[in-house]
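Colleague: Before I ask anything, let me first share the structure, which is written out below as structure tokens.
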Amino acid sequence: MAGPGGAVRGRFAVVGGGIAGVTCAEKLAAEFPSEDIFLVTASPVIKAVTNFKQVSKTLEEFDVEEQPSSLLEKRYPNIRVIQSGVKQLKSDEHKIYTEDGKEYIYEKLCLCAGAKPKLIVEGNPYVLGIRDTDSAQAFQKNLAQAERIVVVGNGGIALELVYEIQGCEVIWAIKDKAIGNTFFDAGAAEFLLPKLTVESQETPIECKRTKYTVEGSEEKVRPPGASDKLGSALGPDWHEGLHLKGTKEFSHKVHIEILCEVKKIHLQQEFIQLQQTSLTFPKGEKNVEADEVLWPVYVELTNGKIYGCNFIVSATGVVPNVEPFLDGNNFAVGEDGGLKVDKHMHTSLPDVFAAGDICTAAWEPSPVWHQMRLWTQARQMGWYAAKCMAAEALGESIDVDFSFELFAHITKFFNYKVVVLGKYNAQGLGSEHELMLRCTKGHEYIKVVMQNGRMMGAVLIGETDLEETFENLILNQMDLSAYGEDLLNPDIDIEDYFD
């Protein structure tokens, strides 16, 4: 229905065609079948959740599928997809201005515009940003001609990418000591590393189960400027029984440069003028051979090494996409650049909600939950934001959603099933915690984070079938001191204890 000045009025508007926005719009459409729900998205395709499966109380699995927005309108006839970017939000007038020159007046609005890749450098044709598996697939096409690429970043996307890439040399630059540090510690990284080499059938070796203290926890004095946010580093003996190869020689096509970042990127001409030496793909320990090939682009690392390559993949995380909404609106913004939301997904402005990667959870979280910009959280937040918008519109009250009780994520890395629960990397626990480990090489890796006899987090790699048991133990905070190391004893069926 048209309002003054040709503006279109709707009770609910959602901005963003990703998982958070689509889930939010679908939930609103189901709750208010006689109201039009506006979904404003710049892209002709939306991201839909398919094959949804509730694995346990907090764990869920689903696929993400790109679909034409017409399919969404078929499923929910009261969703109106507006294919245009947002030019401006005037929150005091409850108005959205779209790029195509139209105006929309809303009663309640949810901003789900996601995040963009944090590029190491803007506007360089040889630097590709990757932020999800879609862009990763598009990226495969660029690979067809590439002989060598440099991958920068150490999260889940970089991990997946390096594993998937075949027939191309990969120089992988990470700022940490071990791969995949957003999801894993050094032990899990070493468990996964053999997967980057040629598959070899090895007999499983049972690692000894040990309790580990955190590196340096003997020193009670914290060094100045030490952050509590660091994940836990394993003690010095964690790798016994893993028979590790040095990282230098672990792959025929992947070479990892640890503890370094990109210092500068040089185009071919600039590199020639530098009169510096670039390196070939390392063949052994001491390899520092000069490269005779001329590459389109060169990466200079902070450790002094320079490598030439066809292109650079920037997989260094994301920045919330808040740009179009800040101007003229007094949003409270989090340290990570996201719109701050309270426990009802409300931003600091009346009638404006936010969900997914664009928002920053600013409520006091459960001790075993934290925000991470993942598809699972985008879906949960979008769904819950719709519930909150509905409750507010109907003047009802609502409880905080159960999915924010426990951090739980299920994924696949290197073809292993990976489940992370709670404070799986001892996030924010300081040095007052201990780790327990059980690992069978090539088969499973189980790490549990304990504090004062209670389970605070876990990493499960492989088909362990322990996720529900551990989920319950973390949720009910039962004192497990009496079990000691038997907690991870493979000969004891722990599930029988805690059913």
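Colleague: Using beta carbons and a limit of 7 Å, which pairs, at least six apart or on different chains, have the first residue in region 260-272 and closer than 12 Å to Ile306 by Cα and the second one part of a helix (DSSP H, G or I) and open to solvent by 60 Å² or more (accessible area, probe 1.4 Å)?
Modeller: Here the result reads His266/Leu274, each pair linking region 260-272 to a residue that is part of a helix (DSSP H, G or I) and open to solvent by 60 Å² or more (accessible area, probe 1.4 Å).
Colleague: Still on this model: Which residue pairs have Cβ atoms closer than 7 Å, lie 6 or more positions apart in sequence or on different chains, and pair a first residue in region 475-499 that is on the phi > 0 side of the Ramachandran plot with a second residue that is modelled with pLDDT of 80 or more?
Modeller: Cβ pairs passing all conditions: Gln477/Arg454.
Colleague: Does any residue in region 300-315 that is without any contact (Cβ under 8 Å) to a residue 24 or more places away in the chain come within less than 9 Å, Cβ to Cβ, of a residue that is open to solvent by 10 Å² or more (accessible area, probe 1.4 Å) six or more places away or on a different chain, and which pairs are these?
Modeller: Gly304/Lys263
Colleague: If a residue has to be of a type in the set (A, V, I, L, M) and assigned to a helix (DSSP H, G or I) to count, how many in region 172-190 make the cut?
Modeller: Of the residues in that region, 3 qualify.
Colleague: Still on this structure: Within region 263-302, track down each residue that is open to solvent by 50 Å² or more (accessible area, probe 1.4 Å) and closer than 13 Å to Val150 by Cβ.
Modeller: Lys263, Lys264, listed by residue number.
Colleague: When you check Gly101 against the structure, is it modelled with pLDDT under 95, exposed (fewer than 14 other Cβ atoms within 10 Å of the Cβ) and in the same structural domain as Ala378 (by the TED database), yes or no?
Modeller: Criteria met by Gly101.
Colleague: Another one. Of the residues in region 149-171, how many are assigned to a loop (DSSP other than H, G, I, E, B) and either modelled with pLDDT of 80 or more or open to solvent by 30 Å² or more (accessible area, probe 1.4 Å) (or both)?
Modeller: Within region 149-171, residues that are assigned to a loop (DSSP other than H, G, I, E, B) and either modelled with pLDDT of 80 or more or open to solvent by 30 Å² or more (accessible area, probe 1.4 Å) (or both) number 6.
Colleague: Of these, Gly430, Gly484, which one is over 21 Å from Val55 (Cβ atoms) and either part of a loop (DSSP other than H, G, I, E, B) or at pLDDT 95 or above (or both)?
Modeller: It is Gly430.
Colleague: Same structure, new question: Do the conditions hold for Asn489, that is, is it touching a His at 6+ places or on another chain (Cβ under 9 Å), surrounded by fewer than 16 Cβ atoms within 10 Å (Cβ to Cβ), more than 22 Å from Val55 (Cα to Cα) and not aromatic (Phe, Trp, Tyr)?
Modeller: no
Colleague: How many of the residues making up region 303-313 are β-branched (Val, Ile, Thr) and over 15 Å from Ala146 (Cα atoms)?
Modeller: 1
Colleague: Tell me which residues, restricted to region 417-427, are open to solvent by 10 Å² or more (accessible area, probe 1.4 Å) and at pLDDT 90 or above.
Modeller: Of everything in region 417-427, those that are open to solvent by 10 Å² or more (accessible area, probe 1.4 Å) and at pLDDT 90 or above turn out to be Lys417, Lys423.
Colleague: If a residue has to be assigned to a strand (DSSP E or B) and aliphatic (A, V, I, L, M) to count, how many in region 278-302 make the cut?
Modeller: 5
The values are calculated or read from the model by the stated rules, or taken from the named source; none is laboratory data. Computed from a predicted structure; not experimentally measured. Methodologically, a virtual Cβ is constructed for each residue, glycine included, from the backbone with ideal geometry; neighbour enumeration extends over all protein chains shown. For the accessible areas, the whole protein counts, side chains as well, though only heavy atoms, and no ligand, DNA or RNA atoms are used. Shrake-Rupley method; radii C 1.70, N 1.55, O 1.52, S 1.80 Å.
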